1. In square angstrom, rounded to the nearest 10, how much accessible surface does V17 have for a 1.4 Å probe?
2. In nm, give the distance between the simple-model label positions of L54 and Q69, each being 7 Å from the Cα along the Cα-to-Cβ direction.
3. Can you list the HN-Hα couplings for segment 49-59, worked out from phi with the Karplus curve (6.51, -1.76, 1.60; θ = phi - 60°), rounded to whole Hz and with x for Gly and Pro?
4. Can you give the FRET efficiency for F41 and V61, using 1/(1 + (r/R0)^6), R0 = 25 Å, r = Cβ-Cβ distance, to the nearest 0.05?
Amino acid sequence: MNSKDSNTRKPTSKLSVFQVIISTLAAAVGVQSSRNRERDFSGNNLFTYVAAGLIFTAVFVAGLIMWVQHLLASS
């Protein structure tokens, strides 16, 4: 990487909770704009995305379990 490339990058700013949630949902669905993907990978805190992904996964699995239990109880 040359110095010209490093000078053209925009300084990273801290993302809001809403932006992290939207990025996590977009990643789960597999749809993300190029601009948002570049923003997400431009040096923001990896822990934030890992935590958001783990929370999303836990909520998703719990929702599936509750939905299946509801369907089995109603049949």
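The values are calculated or read from the model by the stated rules, or taken from the named source; none is laboratory data. Because the structure is a prediction, the values reported are computed rather than measured. Virtual Cβ from ideal backbone geometry, glycine too; neighbours counted across all protein chains shown. Ligands, DNA and RNA are stripped out before the accessible areas are found, and what is left, the full protein with its side chains, is counted by its heavy atoms. Shrake-Rupley method; radii C 1.70, N 1.55, O 1.52, S 1.80 Å.
1. 110
2. In this crude label model, L54 to Q69 measures out at 2.3 nm.
3. 6, 5, 4, 5, x, 5, 5, 4, 4, 4, 5
4. Working: r = 26 Å, r/R0 = 1.05.
E between F41 and V61, to the nearest 0.05, is 0.45.
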